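Here's the structure we're looking at; comments come further down.
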Amino acid sequence: MAEPLALLRLLQLASPALPIGAFNFSQGLEYACETGWITDETQAGRWILSLARHGIARVDLPMLLRLHAAFGRGDAEEARRLSQELLASRETCELRAEELHLGQSLARVLVEYGIEGAAPWRRDAAATHAALFALAAVTERVSATDCALAYGWAWAENQVTAAVKLVPLGQTAGQRLLESLRRELPALVASASLLQDEDIGGATPGAMLASCWHETQYTRLFRS
């Protein structure tokens, strides 16, 4: 179990109130709703769970765990390489822009928290959300598993919040979706921890197409 200060740091990092602008991004969900792929709670749940299983658990979480390990042994060069690799895995312009925005924004926030190791990342073209999330976790002596759970939860909450606005859904429906994701996340983190380097890679073609087409969508609430 995380120590009290470490637990509070995790809650802080996973909070929707964290001022990094995560609420601006839907990762293709907006296009999926606009085009009629998602029209109700069931479809929204399938979409988000599919992204969690075949995207987040196959790319983000295993890379986050490797970043945590690199920062834990003080290997800044390896951490930057891993962050570059994660950024390169983003298939569309919008997703790359989102990743860089979140990473650099979180770096600025962490500097305000007194985490000086985040300072070089504020304008680093290789900054990713996962890299700075892992750096904060290591600094506060948060375990890799707890770090991954918090990261996954922050992503899930942002996706559900976007779905509530876009489908639209009621707040109770949103909580049902979050509950299903809460039950799934521990297994996703466990599976991510077992992936070998050569097995890392997502398979979410629908979401990638939605992200591409979102770039030219006529009216948009979200930046991705």
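The values are calculated or read from the model by the stated rules, or taken from the named source; none is laboratory data. In this text, all values refer to a predicted model and were calculated from it rather than measured experimentally. For neighbour counting, all protein chains shown are included, and Cβ atoms are generated from backbone atoms with ideal geometry for every residue, glycine included. Keep in mind that these areas ignore ligands, DNA and RNA; they rest on the heavy atoms of the full protein, side chains included. Shrake-Rupley method; radii C 1.70, N 1.55, O 1.52, S 1.80 Å.
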Share of the chain's accessible area from carbon and sulfur, percent, 1.4 Å?
54 percent
Say each of GLN196 and ALA88 gets a label point 7 Å from the Cα, pointing the same way as Cα to Cβ; how far apart are those two points in nm?
2.0 nm
Could you identify which residue out of CYS93, CYS33, CYS147 has the top mean-square fluctuation in a GNM of the chain using Cα springs shorter than 10 Å?
CYS93
Loop-exposed trypsin sites (Lys or Arg not before Pro) per DSSP, neighbour cap 13 Cβ within 10 angstrom, longest uninterrupted part of the chain
142-224
Solvent-accessible area per residue, Å², over the stretch 80-154 with all protein chains present [probe radius 1.4 Å]
41 Å²
Shape box of the stretch 129-224 [Cα atoms, principal axes, largest first, Å]
43, 33, 24
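Which whole-number percentage describes the relative contact order of the stretch 15-96, with Cα contacts under 8 Å and a sequence gap of 6 or more?
On the way: 23 pairs, mean separation 14.0, N = 82.
Value for the stretch 15-96: 17 percent.
Under a Cβ-only charge scheme (Lys and Arg +1, Asp and Glu -1), can you give me the dipole magnitude of the chain about the Cα centre, in debye to the nearest 20? The partial results should precede the final answer.
Numbers: 20 positive and 26 negative charges, 52 e Å.
In total the dipole reaches around 260 debye.
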Relative to the chain, whose Cα atoms define the longest principal axis, helix 4-14 and its Cα axis are tilted in degrees, nearest 10, by 40 degrees
How large is the convex hull of the C-alpha atoms of the stretch 1-97 per residue, in Å³?
150 Å³
Cα-based convex hull, the chain, per residue volume (Å³, whole number)
114 Å³
Using the Cα centre of the stretch 181-224 as the reference point, and only Cβ charges (+1 on K/R, -1 on D/E), how large is the resulting charge dipole? Debye, rounded to the nearest 20.
400 debye
Dividing the mean separation of Cα pairs under 8 Å (6+ apart) by the residue count of the chain yields a relative contact order in percent of 39 percent
Rounded to 10°, Cα long-axis angle of helix 205-214 versus longest principal axis of the chain:
80 degrees
